[in-house]
Amino acid sequence: MKITRALGALAATAALLLTATACSDDSDPSGSVSDITKEANDAASSAREKAGEVASAASEKAVDAASQASDAAARAQASASAKVAEVKGAVSGKDDIELGDVTTSGQRSSVELTADNSTDEQASYTVTVNFRDQDDKLLDVTVVDVKDVAPGKSKSATVRSNRELSGEVKADVGQALRR
């Protein structure tokens, strides 16, 4: 968007310069067409150079933002893995977990998680939820504990992303441990 505006402004400036030069001195016809052409070419060259600078800066900022997002997702994943590693005496409970649709609440993405205890004993669940973009790139990871789910009953929890996520966000269950 900024690139388009910069190019538009520079093109308009070049056109004004061309018009002003063409109309400025009709009494001296010698070299006026070549002067106008040179000035127009100089203005166009300057516009291309400026557009290149703007595009380069925008590209650098995009790469930097993507790198920061990737770093944040990696830190969240490492933190989640450490928390799950602390859970002892648990078995897989992934089949007992369902996720609803991702929504945006405030500045963060959230999803409703339901733990359905299909056993005949009370159970607690530790669940990692992965937030991903439309290309399945990991954006964030959150860990939630759903405690004391009665036998044959369900219990829900709202899982929120650790930070603001943009674009289309979806969620999936990474790990689910029942104990």
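A few comments on the model shown:
- Residue among Ser79, Ser118, Ser124, Ser105 that is crowded, with 18+ Cβ neighbours inside 10 Å and not charged (D, E, K, R): Ser124
- In the set Val149, Val159, Val169, Val144, only one residue is more than 28 Å from Ala74 (Cβ to Cβ) and not charged (D, E, K, R); that residue is Val149.
- Condition broken by Gly100, with the remaining ones in (1) small (Gly, Ala, Ser); (2) buried (at least 16 other Cβ atoms within 10 Å of the Cβ); (3) at pLDDT 75 or above satisfied: (2)
- Residue within the range 154-161 that is assigned to a strand (DSSP E or B), among the β-branched types (Val, Ile, Thr) and loosely packed, with under 13 Cβ neighbours inside 10 Å present: yes
- Among the conditions (1) closer than 16 Å to Thr114 by Cβ; (2) in a strand (DSSP E or B), the only one that Val141 does not satisfy is (1).
The values are calculated or read from the model by the stated rules, or taken from the named source; none is laboratory data. Not measured: the values here are computed from a predicted model. So basically every Cβ, Gly included, is an ideal-geometry build from the backbone, and we count neighbours across all protein chains shown.
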